[in-house]
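What follows is a set of notes on a single structure, which appears directly below.
A short reminder: the numbers here are calculations on the coordinates, not readings from a lab. A quick note: this is a predicted structure, and the numbers were derived from the prediction, not measured. A quick note on method: Cβ atoms are made from the backbone with ideal geometry, for glycine too, and the neighbour counts reach across all protein chains shown.
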Amino acid sequence: MKVKIVNNSRHSLPQYATESSAAVDLRANIEGRILLQPLERALVETGIHIELPVGYEAQIRPRSGLAANNGVTVLNTPGTIDADYRGEIKVILVNLSNQIFEINDGDRIAQMVVAEHKRIEWEETDTLSPTQRQEGGFGHTGRK
């Protein structure tokens, strides 16, 4: 699938890291650096604008290495970019660690997955069909 992209960053187009990668990496496109204090969040620019076909969305997700090694994640995970959005893709990063985290221009800060989605039509009713689970949730099935 071809997707139109405007690259206003100083970096190459977002790329898949491996042949089997589901997501492309997004890079910070910033002047200088951002020092993200513990429990602080920042809106980080990428310089990227995309035009998705109707019926598709882009999902912005954390990078596992940043989360595991530094406690830095995407705050509204997954962030959704709709097909009619033409603005710059920006990433809300949050530092959940107790250490300052430094973000530099060109750092890989998030991943982006493009996924097809369906629109729904609501069918209002007074009852839903029964299941074995019913209303069980939030740990209902246990930990093991």
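Miscellaneous remarks
- Residue order, fewest to most beta carbons within 10 Å, for 18, 73, 80: 18, 80, 73
- Rounded to the nearest Hz, the phi-derived 3J(HN,Hα) couplings of the range 55-72 under the Karplus curve 6.51 cos²θ - 1.76 cosθ + 1.60 (θ = phi - 60°) are x, 10, 9, 10, 10, 9, 10, x, 8, 4, x, 5, 5, 6, 8, 10, x, 9, where x marks glycine and proline.
- Our analysis of the chain gives Rg over Rh at 1.07, with the two radii drawn from alpha carbon positions and Rh computed by the Kirkwood formula.
- Each residue of the range 127-134 was assigned a 3J(HN,Hα) from its phi angle through the Karplus curve 6.51 cos²θ - 1.76 cosθ + 1.60 (θ = phi - 60°); the sequence is 9, 10, 5, x, 9, 5, 6, 6 Hz, with glycine and proline shown as x.
- The Cβ shell under 13 Å around residue 109 holds other residues with a net charge of +2, Lys and Arg each +1, Asp and Glu each -1.
- Under a Gaussian network description of the chain, with springs only between Cα atoms under 10 Å, the residue in 12, 64, 20 that fluctuates furthest is 20.
- Measuring between their Cα centroids, the range 1-21 and the range 37-107 lie 15 Å from each other.
- Relative contact order [Cα under 8 Å, 6+ residues apart], the chain, whole percent: 31
- Placed amide H near residue 44: partners under 5 Å, 5+ positions off or other chain: 91, 92, 93
- Computed [θ] at 222 nm, deg cm²/dmol, the chain (DSSP H ≥ 4; -39,500 (n - 2.57); rounded to nearest 500): -1000 deg cm²/dmol
- Between residue 26 and 109, 110, 111, 112, the built amide H atoms are under 5 Å apart, and every one of these is 5 or more places off in sequence or on another chain.
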